[in-house]
Amino acid sequence: MKKMFLLDEANRCLLCKKPRCSANCPINTPIPEVISLCKEGKLKEAGEILFNNNPLSVICSIVCPHENQCEGNCIRGIKSEPIHFYEMEKEISEKYLDEVKFENVPKTKDRIAIIGGGPAGLTIAFILAKRGYRITIFDSKNKIGGVLRYGIPEYRLPNSLIDKLEDKLIELGVKIRPNTLIGPVISIDRLFEEDYKAIFIGTGVWNPRTLNIKGEALGNAHFAIDYLRSPETYRLSKRVAVIGAGNVAMDAARTAKRNSEVQEVTIFYRGNFDDMSATKKEIEEAKEEGIIFKLYRSPLEITEDGLKVINKEEDSEGGEEFFECDSTIIAISQSPRNNIVSNTTKLETNSSGLIIADEKGNTTRPGVFSSGDVVTGAKTVVEAVAYAKTVADAMEEYCESQNL
């Protein structure tokens, strides 16, 4: 059935000479080339091209906002159904990971530390390990994956796929140190003393931003980024309010709806559907799952009995409303933690606490590189991977220059 789907979808592709799908992919996936190989039944070769272009191809096939990228720019989609390349990409990439056996090339090059096993860190680990560098990933959590594992719900992105990537890293000789917080005990200085030639920081953004309203410290108020890390540990009760309209808010709402204890989930947002930063697909799926939306509502206060909001609808009289609920989840964005920065000299951040780095990932401290959300703020996974590929080349260039 899968082979039939792949072939049917491949045969629908026009193989455009100037493919808009590839041009609008942040990592420029060579889609026509992959589809041509698929037509010829060369799935292994197609999988290899996808992986070499994007080591997290199997992940991006699921979590990318396809409506704005490949699918949304497909010529076929103008008059008929667009090519569902992301579905093809998932099948091909997962099959490739299941079947490929990576060669653990001799590790004759420098020692490199990667702090944070999120999308950027995983990408750099794959690239540099295959080039013969001795890679160690330090992660503060018990499993690598970062936002992929602890920020995206299991129903959207199965952890089994992240486990497959971890297995492949081990196959390449990458060392992983879980439950290791770099900064307070093992510092950047200590890593350099231990003969790490270059260090990459990809720690993401794990501090929730607050609304600065009364009630955020109550026992029935929770931050989405904390909730999504281990939703099974929360006792939300029957009625849940979610404040926010990004993908994290949708994920939190849909995850809460899956809790057998929860009967009703309502999202509160200050604007309308067109203003929401969540993808249209996420919003539509939330609606289909019974999530209620209260638009043009701005939160005023969280209480132990519910949520006070102000109604800003044009055809309303405005004024304060009270929504009775048992729990409130706040999902309005995140910022980075400062464990590393506060324990490191010469590493500068901007006013938002994001690490300052150039387009190649160079920070203000020589030998220390950074990219991903801790530099750019929350972005898509594929954008993090694309940036990380450039940084991997810059790190290799730096190591080679130090050995002259």
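What follows draws every value from the coordinates through simple rules; no lab data is involved. Because the structure is predicted, anything quoted here is derived from the model rather than measured. We place every Cβ from the backbone using ideal geometry, glycine too, and count neighbours over all the protein chains shown.
Proximity of backbone amide H atoms, modeled 1.01 Å from N, is registered between VAL242 and THR266, ILE267, PHE268, ILE329 at under 5 Å, excluding neighbours fewer than 5 places apart on the same chain.
Summing Cβ point charges (Lys, Arg +1; Asp, Glu -1) relative to the Cα centre of the chain gives a dipole of roughly 1040 debye. Report the calculated FRET efficiency for THR108 and ALA217 (r = Cβ-Cβ distance, R0 = 45 Å), to the nearest 0.05. Here the calculated transfer efficiency is 0.25. Here segment 2-99 is assigned +1 on the Cβ of each Lys and Arg and -1 on the Cβ of each Asp and Glu. Its dipole about the Cα centre then comes out at about 400 debye. Packing here is the average count of other Cβ atoms within 10 Å per residue, and on that basis the peptides 126-134, 315-323, highest first, run 126-134, 315-323.
Using a ≥ b ≥ c from the Cα gyration tensor of segment 110-246 (square roots of the eigenvalues), is it rounded, prolate or oblate, where a/c under 1.5 gives rounded and otherwise the larger of a/b and b/c decides, a/b for prolate? Prolate, since a/c reaches 1.5 and a/b exceeds b/c.
Only aspartates and glutamates eight or more places from LYS360 in sequence, or on another chain, were considered; those with a Cα closer than 13 Å are ASP393, GLU396, GLU397. The structure shown yields Cα extents along the principal axes in Å, and of the options (i) 69, 41, 40; (ii) 66, 51, 46; (iii) 70, 56, 35 that calculated value carries the label (iii). Considering only TYR196, ASN53, ASN179, and ranking their Cα positions along the charge dipole of the chain that arises from unit charges at the beta-carbon of Lys, Arg, Asp and Glu, the one farthest toward the positive end is TYR196. In this structure, the pairs whose alpha-carbon distance is over 18 Å, taken from LYS39/LYS101; LYS175/LYS389; LYS79/LYS287; LYS39/LYS90, are LYS39/LYS101; LYS175/LYS389; LYS79/LYS287.
Charge dipole of segment 208-334 (Cα centre as origin; +1 on each Lys and Arg Cβ, -1 on each Asp and Glu Cβ, all else neutral): 400 debye, rounded to the nearest 20.
In the chain, the DSSP beta bridges split such that about 30 percent are antiparallel, to the nearest 5.
Based on C-alpha pairs under 8 angstrom that are at least 6 apart in sequence, segment 208-334 has a relative contact order of 35 percent. In straight-distance terms, cross-link reach from LYS214 covers every one of the lysines whose alpha-carbon lies under 27 Å from its own, apart from those fewer than eight places away in the same chain; here that gives LYS238, LYS257, LYS294, LYS308, LYS312. For segment 2-99, the relative contact order comes to 33 percent (Cα pairs under 8 Å, sequence separation of at least 6). For segment 265-363, the square roots of the Cα gyration tensor eigenvalues, ordered a ≥ b ≥ c, give a/c of at least 1.5 with a/b greater than b/c, which places it in the prolate category.
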